[in-house]
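The values are calculated or read from the model by the stated rules, or taken from the named source; none is laboratory data. Everything quoted here is computed from the prediction, not taken from an experiment. Methodologically, a virtual Cβ is constructed for each residue, glycine included, from the backbone with ideal geometry; neighbour enumeration extends over all protein chains shown.
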């Protein structure tokens, strides 16, 4: 079932003239390299060389209200993730089925248990990593889960507002319902494993095929089903390293990420703050949006009312 997608007008009239585009792209490449927006190339590796990260030439428009709401939410999410990260029973219950079928998560959980048992200090923290796994996120979306960690009903309500539909594929009644939803309307959902970094999700009609394939297998418990978000489209130029191809004006979609810092122990939070943001943009035709391994690019939000 197709969903209508809205469009946002770019901040300046587009397209640019060929001369304007050439000049701005050249200057922008110099700027990003001078400001550290770079990485080592995976192909034709040169230990003395760097390439700029893909970027969007003109800042993409983004609703100011939604941007400010996301920034304000981060302090609540800091508190939630910190408390989840220190709840061993919640971890064990949330991941008990995953560790049976997903070797990567099983190894992480073994490290976590060793750290807890021996009182080790590590950086980065394994329990914060596990708190951010897809399965834990899906468990938090269950009725009553947020209330275990947030005592303020207003905070609970705000978090619920930003939760997309997350569904378990466990071998129970709710899991069977989720399987059937994916089969009936696959393009409404994204199938997500316990992985980060892009290139691992399943989209479109392939969702139906994947779910049918593992319907009668324990493997399905290592995945979650999430309602697919259809963000507004806008127009932009994406600049990539390598070659001399002229950047083309294309329809793009953006994803906003908010950075937070939280310091504390199992009992108290001594410092919590929202400290920054990142906007990643990809072609509207692309599923994955990784800037390092996919078609995504770094962007800057131009806030509109």
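Among the residues of the stretch 160-187, those identified as surrounded by fewer than 19 Cβ atoms within 10 Å (Cβ to Cβ) and either closer than 30 Å to residue 297 by Cβ or within 18 Å of the chain's Cα centre (by Cα) (or both) are 160, 161, 162, 163, 164, 165, 187.
How do the helices (runs of 4 or more DSSP H) wholly within the stretch 111-220 filter down when requiring 3 or more residues that are modelled with pLDDT under 90: which remain? It comes to 126-131, 134-140. In the stretch 73-84, the residues that are under 12 Å from residue 131 (Cα atoms) reach residues that are in a helix (DSSP H, G or I) with C-beta atoms within less than 6 angstrom, at least six apart or across chains, in these pairs: 81/131; 84/131. Applying the criterion of being in a loop (DSSP other than H, G, I, E, B) and in contact (Cβ under 8 Å) with a residue 24 or more places away in the chain to the residues of the stretch 21-44, the residue that is farthest from residue 56 (Cα to Cα) is 41. Scanning the stretch 148-166 for residues that are without any contact (Cβ under 8 Å) to a residue 60 or more places away in the chain and touching a helix residue (DSSP H, G or I) at 6+ places or on another chain (Cβ under 6 Å) returns a single hit, 156.
Could you give every pair whose Cβ atoms fall below 6 Å, whose first residue belongs to the stretch 198-227 and is farther than 28 Å from residue 280 by Cβ and not assigned by TED's automatic domain parsing to the domain that holds residue 287, and whose second residue is modelled with pLDDT of 90 or more and assigned to a loop (DSSP other than H, G, I, E, B), counting only separations of at least 6 or pairs across chains? Hits for this filter: 220/169. Residue check: is residue 130 within 17 Å of the chain's Cα centre (by Cα), in the same structural domain as residue 179 (by TED's automatic domain parsing) and either free of Cβ contacts under 8 Å to residues at least 40 places away in the same chain or buried (at least 18 other Cβ atoms within 10 Å of the Cβ) (or both)? So residue 130 fits the description; yes.
In the stretch 38-90, the qualifying residues are those that are buried (at least 16 other Cβ atoms within 10 Å of the Cβ), within 30 Å of residue 265 (Cα to Cα) and more than 20 Å from the chain's Cα centre (by Cα), and the one that is modelled with the highest pLDDT is 83. Regarding the stretch 251-272, can at least one residue be identified that is more than 22 Å from residue 84 (Cβ to Cβ) and without any contact (Cβ under 8 Å) to a residue 24 or more places away in the chain? No, there is no match, as no residue in the stretch 251-272 is more than 22 Å from residue 84 (Cβ to Cβ) and without any contact (Cβ under 8 Å) to a residue 24 or more places away in the chain.
Scanning the stretch 52-68 for residues that are touching a helix residue (DSSP H, G or I) at 6+ places or on another chain (Cβ under 8 Å) and not in a loop (DSSP other than H, G, I, E, B), which turns out farthest from residue 247 (Cα to Cα)?
First, pick out the residues of the stretch 52-68 that are touching a helix residue (DSSP H, G or I) at 6+ places or on another chain (Cβ under 8 Å): 52-53, 55, 57.
From what is left, the residues that are not in a loop (DSSP other than H, G, I, E, B) are 52, 55.
Working: 52: 15, 55: 11 Å.
Residue satisfying both the conditions and the ranking: 52.
The test for being out of contact with any strand residue (DSSP E or B) (no Cβ under 8 Å at 6 or more places or on another chain) and surrounded by fewer than 16 Cβ atoms within 10 Å (Cβ to Cβ) holds for residue 229. Might you check whether a residue that is at pLDDT below 95, touching a strand residue (DSSP E or B) at 6+ places or on another chain (Cβ under 9 Å) and in the same structural domain as residue 30 (by TED's automatic domain parsing) occurs anywhere in the stretch 263-275? Yes; the residues of the stretch 263-275 include at least one that is at pLDDT below 95, touching a strand residue (DSSP E or B) at 6+ places or on another chain (Cβ under 9 Å) and in the same structural domain as residue 30 (by TED's automatic domain parsing).
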